[in-house]
Amino acid sequence: MITDYQILSQAKHQQLCVKTGDTNYLHNHTHMAPVLLPEVDKLAAHFPLCFSHHGHADELVLVALLGFEEHENVCFQHGHWLTPEIPLAFARQPFLVDQSNGQIFVDVKNPSVNPNEGEPLFTDSGKPTAYLREKMALLEQIYQAAHPTQHFVSTLQEYGLLEPVKLGGKKLNVSHSTLNGLYTIAIDKLAGLNDDFVLHLFHLGLLQPCYLIQHSMQNIDKLIALKRKAQHNH
């Protein structure tokens, strides 16, 4: 997929518009999406949330599992999401925020971005439109949540609170499973922590996400049902 993220500029992008319904190509091509700490509360009810390797071999990121094979998103079928909530990683499109400095970029090669159809980014007087202001607020959320999310994952790794996801592979009728290399909360280890550290996690706001993430793995059954539905429709 070709992308071209340019620093958002009124001078350069005054004429750009975004077709807001034209996102099928994006949702169909990924089997997991990054998740931020503030999203855990709403996403854990609908997706299996777990941890996956990213970049450096020992670096883990929090993700929502969307399918069981590369480029498979069984939560998005026939042009529509089958879940009432979606990760911010999709909602932010076709924009991106630099998580080190908050700078906003727009993907001018995104098929939804064009010069004359959809939601304009700027008014005739050069001010951000309501659509762009909404996206900018969402990108600000992502920017503010990036560091706390990294700290959360690092804390779990530091105290050995992650363990490999174990699933009964027999109920997964897939040709190539991507579930190897995924991790979840080691709930027994969490329960065995001393009271002071558990209280420390609680005060940091990190205890509830641990339980939500561990419990969210029950959504694997929902994912399997959606995969079977997709296979049946084909």
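Quick look at the values:
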item	result
Number of positions in region 178-198 that are farther than 25 Å from Gln77 by Cβ, open to solvent by less than 90 Å² (accessible area, probe 1.4 Å) and not in a loop (DSSP other than H, G, I, E, B)	8
Scope region 112-143; condition in contact with a helix residue (DSSP H, G or I) (Cβ under 7 Å, 6 or more places away or on another chain) and closer than 15 Å to Gln6 by Cα; matching residues	Leu121
In region 45-80, the residues that are open to solvent by less than 40 Å² (accessible area, probe 1.4 Å), more than 11 Å from the chain's Cα centre (by Cα) and aliphatic (A, V, I, L, M)	Leu60, Val74
Residue among Ala130, Ala137, Ala146 that is modelled with pLDDT of 90 or more, under 20 Å from Ile104 (Cβ atoms) and open to solvent by 60 Å² or more (accessible area, probe 1.4 Å)	Ala130
Residues satisfying the stated conditions in region 99-121, i.e. farther than 11 Å from His13 by Cα, touching a residue at least 24 places away in the same chain (Cβ under 8 Å) and among the polar types (S, T, N, Q)	Gln99, Gln103, Asn110, Ser112, Asn116
Test: residue in region 101-111 that is under 24 Å from Pro34 (Cβ atoms), modelled with pLDDT of 95 or more, surrounded by fewer than 15 Cβ atoms within 10 Å (Cβ to Cβ) and in contact with a strand residue (DSSP E or B) (Cβ under 8 Å, 6 or more places away or on another chain)	yes
Enumeration of residues in region 199-234 that are more than 18 Å from the chain's Cα centre (by Cα) and open to solvent by less than 80 Å² (accessible area, probe 1.4 Å)	Leu201, Gly205, Leu206, Leu207, Ile224, Ala225, Leu226, Lys227, Ala230, Asn233
Scan of region 99-136 for residues that are of a type in the set (Phe, Trp, Tyr) and touching a Phe, Trp or Tyr at 6+ places or on another chain (Cβ under 6 Å), ordered by number	Phe105
Every pair of residues 6+ apart whose Cβ atoms lie under 7 Å, when the first sits in region 179-204 and is in contact (Cβ under 8 Å) with a residue 24 or more places away in the chain and under 26 Å from Thr30 (Cα atoms) while the second is of a type in the set (Gly, Ala, Ser) and surrounded by 12 or more Cβ atoms within 10 Å (Cβ to Cβ)	Gly181/Ser52; Leu182/Ser52
Filter pass, Phe95 being at pLDDT below 90, open to solvent by less than 20 Å² (accessible area, probe 1.4 Å) and farther than 23 Å from Gln214 by Cα	no
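The values are calculated or read from the model by the stated rules, or taken from the named source; none is laboratory data. Keep in mind that what you see is a predicted model, and the values were worked out from it rather than measured. Cβ atoms come from the backbone with ideal geometry, glycine included; neighbour counts cover every protein chain shown. Ligands, DNA and RNA are excluded from the accessible area calculation, which covers all protein heavy atoms including side chains. Shrake-Rupley method; radii C 1.70, N 1.55, O 1.52, S 1.80 Å.
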